[in-house]
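Below is one structure, written out as structure tokens; the observations come after it.
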Amino acid sequence: TQHYVQSLARKLAEHPKFSTYLTPATIAMLYKSAPLHDIGKVGIPDGILYKRGSLTKEEWGVMKTHTLIGEKVLESAKSQLPNILGRDVIDVAIEIAGAHHEQWDGGGYPRGLKGEQIPLSARIMALADMYDALISERVYKSGWDHEDAVAEILSRRGTHFDPVIVEAFAAERDRFQIIAQRHRDLMEEEKPFVDSIE
């Protein structure tokens with residue numbers, strides 16, 4: 001997901017609305033923070049995380065707490081670090097972990113934030129995370145093909161996602177496909193090694 005985030009952020013940096021904020025240093029922080037977006041899943045029982053089939057309403061309620069757990073884990077980690085002047089990777093990771101399931105129209109969780117109340121870092125992560133989730137195979141689903149994933153994300157412009165970020169995604173869609181294929185190829189190369197140590 002960090003490569004998707006980087007791709008989106010670089011494209012958004014060309015937009016006058018974001019050019020001042022999305023400096024190379026900020027984009028580097030987003031890139032480094034992205035892998036921590038789901039760190040809160042360490043607090044979700046394996047029976048829910050790896051369940052085959054749909055989650056019950058109660059299980060889904062537990063799953064949704066991973067955003068708040070992630071915030072707390074990262075805030076705790078930050079409190080153990082020496083004070084650093086300025087904005088740091090961990091601050092961006094806290095934003096992303098806590099708000100990457102918020103939606104542009106206010107229909108997300110955990111706080112029901114709407115529009116620009118959602119930090120830009122989390123708005124970018126939300127789209128990158130959904131693309132990755134759609135194309136990836138999971139115990140409970142098959143991966144979608146690239147074009148179907150693109151169509152799904154484009155259909156959520158202005159509801160689930162910030163319209164400007166969807167525009168950036170539309171412009172970067174080919175790059176997303178390249179990143180996804182590169183990741184698949186790396187996973188295939190690593191599979192014999194992983195199998196040999198299991």
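The values are calculated or read from the model by the stated rules, or taken from the named source; none is laboratory data. On a predicted model such as this, the values are computed, not experimentally measured, just so you know. Cβ sites come from the backbone with ideal geometry, for glycine too, and all protein chains shown count toward neighbours.
Here are a few things to note about the model shown:
- Meets criteria (surrounded by 16 or more Cβ atoms within 10 Å (Cβ to Cβ) and not in a helix (DSSP H, G or I)) for residue 134: no
- If the condition is being more than 23 Å from residue 6 (Cα to Cα) and either polar (S, T, N, Q) or exposed (fewer than 15 other Cβ atoms within 10 Å of the Cβ) (or both), then segment 81-113 contributes 81, 82, 83, 84, 85, 105, 106, 107, 112.
Matching residues to (1) touching a residue at least 60 places away in the same chain (Cβ under 8 Å); (2) assigned to a loop (DSSP other than H, G, I, E, B):
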site: 5; (1), (2): yes, no
site: 18; (1), (2): yes, yes
site: 27; (1), (2): no, no
site: 47; (1), (2): no, no
site: 61; (1), (2): no, no
site: 83; (1), (2): no, yes
site: 101; (1), (2): no, yes
site: 105; (1), (2): no, yes
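- Pairing each residue of segment 126-150 that is under 24 Å from residue 104 (Cα atoms) with any residue that is assigned to a strand (DSSP E or B) and among the β-branched types (Val, Ile, Thr), provided the two are 6+ apart or on different chains, yields no C-beta distance under 6 Å.
- Residue check, residue 13 of a type in the set (Gly, Ala, Ser), surrounded by fewer than 19 Cβ atoms within 10 Å (Cβ to Cβ), over 15 Å from the mean Cα position of the chain (by Cα) and at pLDDT 95 or above: yes
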